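J.: Dropping a structure here in structure tokens format, bear with me for questions.
The values are calculated or read from the model by the stated rules, or taken from the named source; none is laboratory data. Just so it is clear, the structure is predicted and the values come from calculations on it, not from any experiment. In this analysis, Cβ positions are derived from the backbone assuming ideal geometry, glycine residues included, and neighbour counts consider all displayed protein chains. Areas reflect the complete protein model, heavy atoms only, side chains present, ligands, DNA and RNA absent. Shrake-Rupley method; radii C 1.70, N 1.55, O 1.52, S 1.80 Å.
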Amino acid sequence: MNTPRMQTSTIKAATMPWLSWRQTLNLLVMEAKLDLLTLWRTPGFVAPSLIFPVMFYLLFGVFITKGGQSDYLLVTYCCFGVMGPALFNFGVNVATEKSQGWLTMKQIAPAPVSAYLFGKMVSSLLFALVIVMLLFVCAALFGNVRLYTSQWLGLAGLVLVGTLPFCLFGLWLGLTLSAKAAPAVVNLIYLPLAFLGGLWLPIHILPGFMQHFAQLLPSFHFGQLALSVIGRDLPQPWWQHLLALLVFTVVFGVLASRAFRQNRSA
């Protein structure tokens, strides 16, 4: 027996218009603009996302360590910074839009839901890019960090691409959590994930048992892989960290896909 949700999905599939590449592009651009505008009108998202990574980097990477670890902490705070928009835009905002019925409207609208997710990905990446650029400027001006042009560009590119597993993680959280619980849960995951993964302080100064535990976290492998871009010697080969991130990406992708199907059939 077909449920109303299944009937709606059938109607949507039957009435889905054939979009040209130009129409598809316009749809994707519109979704990205709408999501970016929504984020920009949320001070509780904009201010912490842009200010905290820069503030923490200046505190720990410049003033407290006297610039001794400024290049190392530039890399790890870039990773910390870009994780925020990924987790909060997908985790908190998807949970909120789900509770408001907006996600259901997207599912039954005559447009692919992938465009909605694409818009969130683009807006998260744009915020991440701004964070990375702010950290780069602070590192060059106050941390006396000097890298080759290829290293600056490689680091920026890697940390932006590296947000994918955290976007999928956030999407899974957003689809499974309520709007009220999502902000607290995402914060309880985001901050310990960064600290225990060695993104706030160099991992080698943490106690031995914490260093071993860190290897179970995607944030650790993200940071270690990014450090390889600036030529930092790593305890493990870079490809092991890349492989670990790919595994986390697949796991979070499967969890998010399953949660999406459950939410759609609910």
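J.: Taking the Cα centre as origin and putting +1 on Lys and Arg beta-carbons and -1 on Asp and Glu beta-carbons, what dipole magnitude results for the chain, to the nearest 20 debye?
T.: Working: 15 positive and 5 negative charges, 138 e Å.
Magnitude of the dipole: close to 660 debye.
J.: Taking only C-alpha pairs under 8 Å that are 6+ residues apart, what is the relative contact order of the chain in percent? All intermediate terms of the calculation are to be shown ahead of the outcome.
T.: On the way: 331 pairs, mean separation 68.2, N = 266.
Answer for the chain is 26 percent.
J.: If you take the beta carbon distance between Ala140 and His204 as r and set R0 to 25 Å, what does 1/(1 + (r/R0)^6) give as a FRET efficiency, to the nearest 0.05?
T.: Working: r = 25 Å, r/R0 = 1.00.
So the FRET efficiency works out to roughly 0.50.
J.: Of the options Leu206, Thr176, Ile51, report the single residue whose Cα projects farthest towards the positive end of the charge dipole of region 19-265 (beta-carbon charges: Lys, Arg +1; Asp, Glu -1).
T.: Thr176
J.: If I model a spin label at Ser257 and Ala109 as a point 7 Å from the Cα along the Cα→Cβ vector, what separation in nanometres do I get?
T.: Using points 7 Å along Cα→Cβ, the separation is 2.4 nm.
J.: Could you point to the residue in Gln151, Trp102, Phe60 farthest towards the positive end of the chain's charge dipole, with +1 and -1 charges on the Cβ of Lys/Arg and Asp/Glu respectively?
T.: The residue sitting most towards the positive pole is Trp102.
J.: Skip the ligands, DNA and RNA, and give the accessible area per residue of region 19-265 with a 1.4 Å probe, whole Å².
T.: On the way: 11830 Å² over 247 residues.
I get 48 Å² per residue for region 19-265.
J.: Another question, then. Quick one: with all protein chains in place, what share of the accessible area of the chain is carbon or sulfur, to the nearest percent (1.4 Å probe)? The partial results should precede the final answer.
T.: On the way: 9740 of 13530 Å².
Its accessible area is 72 percent carbon and sulfur atoms.
J.: Students sometimes get this wrong: rank His204, His212 by accessible area, probe 1.4 Å, all chains present, largest first.
T.: Values: His204 105, His212 135 Å².
My answer, sorted largest first, is His212, His204.
J.: Something else about it: Measure off 7 Å from each Cα along the Cα-to-Cβ vector at Leu243 and Leu191, then give the distance between these two points in nanometres to one decimal.
T.: Result: 3.6 nm between the two label points.
J.: List the trypsin sites (Lys or Arg not before Pro) within region 30-94 that fall in a DSSP loop (any state other than H, G, I, E or B) and whose Cβ has at most 13 other Cβ atoms within 10 Å. Spell out each step's value before the answer.
T.: On the way: sites: Lys33, Arg41, Lys66; in loops: Arg41, Lys66.
Loop-located and lightly packed - Arg41, Lys66.
J.: Apply the Karplus curve 6.51 cos²θ - 1.76 cosθ + 1.60, θ = phi - 60°, to the phi angles in region 168-178 and return the couplings in whole Hz, x for Gly and Pro.
T.: So the Karplus estimates, Gly and Pro as x, are 5, 4, x, 4, 4, 5, x, 7, 9, 9, 7 Hz.
J.: Which of the aspartates and glutamates could be linked to Lys180 by a straight reach, that is with a Cα gap under 14 Å, when you skip same-chain ones fewer than 8 residues away?
T.: The qualifying aspartates and glutamates are Glu97.
J.: Within 10 Å, count the other beta carbons around each residue, average over each peptide in 75-85, 217-227, and list them highest first. Mind showing how you got there, number by number?
T.: Details: 75-85: 28.0, 217-227: 24.5.
Taking the mean over residues of other Cβ atoms within 10 Å, the ranking is 75-85, 217-227.
J.: First check a/c for region 159-209, with a ≥ b ≥ c the square roots of the eigenvalues of its C-alpha gyration tensor; if it is under 1.5, answer rounded, and if not, answer prolate when a/b is larger than b/c or oblate otherwise.
T.: It is oblate, given that a/c is not under 1.5 and a/b is not larger than b/c.
J.: Relative to the first principal axis of the alpha-carbon coordinates of the chain, what is the inclination of helix 113-141, with its axis defined by its Cα atoms, in degrees from 0 to 90 and to the nearest 10?
T.: 20 degrees
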